[in-house]
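Enquirer: Quick one: structure below, then a few questions.
The values are calculated or read from the model by the stated rules, or taken from the named source; none is laboratory data. Computed from a predicted structure; not experimentally measured. Cβ sites come from the backbone with ideal geometry, for glycine too, and all protein chains shown count toward neighbours. What goes into the accessible areas is simple: the full protein's heavy atoms, side chains included, and nothing from ligands, DNA or RNA. Shrake-Rupley method; radii C 1.70, N 1.55, O 1.52, S 1.80 Å.
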Amino acid sequence: MSESANASESRTSGASLRRTRAKGEPRFPDGPKADPAGAHFERRIRSFQPRRSRVTAGQADALQRLWPKWGLDIDGRTLDLVELFGNENPVVMEIGFGMGEATAEMATADPGTNVLAVDVHTPGQGNLLNLADRNGLSNIRVANGDAIILLREMLAPASLNGLRVYFPDPWPKKRHHKRRLIQPEFLTLVASRLRPGAIVHCATDWEPYAEQMLDVLTDHPDFENTRPDGGFAPRPGFRPLTRFEAQGLDKGHVVNDLLFRRVDQ
């Protein structure tokens, strides 16, 4: 059979496969669900938008093959972290991991820390699962859905040893500032789930948002700045320089890190 005929048959087969998926049928039957907790019915401002963009064949394979093993839908049910990870190692939660390269690198460098990585970006979920599988990382779990519900309804008080929020959506327009994740109410919820001494580590290349983060964290009674001067911290060695960050630096962007400690009240 000629190459063009093969290509034509492949396209026809692909179209046939697409037609067989009924309306409303999940794209990945054994993978992450769309809005698993029905969070979009809550009457509150959302700090994220689900992004179901193009998924590569490798990412799709990882979602189907590895989601039942290392994936978690945020559905509101109480979560046992010891059962989830199979050990009692400390757990750090990461909100918004992009394509997961930095998450996988940090998990590789610190195998004694479990990483509960939360995002709604389907390609990124598949990519991180792929990286975890390829590098034998048993200390990563990928959570799909609303991080607020995970914190508020699924995790026990003082169950986390840290929180990472790297390059969250800055919502630059003034009328959208209320959508920014780092707000007093969010920090109060986070504080209730962190153990004393746990670190909240944020990073952003949007300077006005960095200033707001610094103000909000400084004013919150449950946190103290790890910097004696009360300012921003240099990028710590354990946080990898991502491609996104490097591109921003090449364009003259200023990246600010903030490291605040949960105080023991």
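Enquirer: Considering the stretch 171-206 alone, what residues qualify as being assigned to a helix (DSSP H, G or I), among the charged types (D, E, K, R) and modelled with pLDDT under 95?
Expert: Within the stretch 171-206, K174, R175, K178, R179 qualify.
Enquirer: Among the residues of the stretch 241-265, write down those that are open to solvent by 100 Å² or more (accessible area, probe 1.4 Å) and closer than 19 Å to A104 by Cβ.
Expert: R243, F244, listed by residue number.
Here's the yes/no breakdown for (1) open to solvent by 10 Å² or more (accessible area, probe 1.4 Å); (2) at pLDDT 95 or above; (3) under 19 Å from S192 (Cα atoms); (4) assigned to a helix (DSSP H, G or I):
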{"site": "L72", "(1), (2), (3), (4)": "yes, yes, no, no"}
{"site": "V82", "(1), (2), (3), (4)": "yes, yes, yes, yes"}
{"site": "N87", "(1), (2), (3), (4)": "yes, yes, no, no"}
{"site": "G98", "(1), (2), (3), (4)": "yes, no, no, no"}
{"site": "Q125", "(1), (2), (3), (4)": "no, yes, no, yes"}
{"site": "L129", "(1), (2), (3), (4)": "no, yes, no, yes"}
{"site": "G136", "(1), (2), (3), (4)": "yes, yes, no, no"}
{"site": "R141", "(1), (2), (3), (4)": "yes, yes, no, no"}
{"site": "L150", "(1), (2), (3), (4)": "no, yes, yes, yes"}
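Enquirer: Tell me whether the stretch 177-194 contains one or more residues that are open to solvent by 80 Å² or more (accessible area, probe 1.4 Å), over 17 Å from V92 (Cα atoms) and of a type in the set (D, E, K, R).
Expert: yes
Enquirer: Turning to a different aspect of this structure: When D219 is evaluated against the numbered criteria (1) farther than 19 Å from Y166 by Cβ; (2) buried (at least 20 other Cβ atoms within 10 Å of the Cβ); (3) of a type outside the set (S, T, Y), which criterion, by number, is the only one it fails?
Expert: The failed condition is (2).
Enquirer: Continuing with the same structure: Out of the residues in the stretch 154-176 that are under 28 Å from P234 (Cβ atoms) and of a type in the set (A, V, I, L, M), which is surrounded by the fewest Cβ atoms within 10 Å (Cβ to Cβ)?
Expert: Among residues in the stretch 154-176 that are under 28 Å from P234 (Cβ atoms) and of a type in the set (A, V, I, L, M), the one surrounded by the fewest Cβ atoms within 10 Å (Cβ to Cβ) is V165.
Enquirer: Okay, next question. Please count how many residues of the stretch 105-117 are surrounded by 24 or more Cβ atoms within 10 Å (Cβ to Cβ) and either among the β-branched types (V, I, T) or not in a strand (DSSP E or B) (or both).
Expert: Matching residues across the stretch 105-117 total 2.
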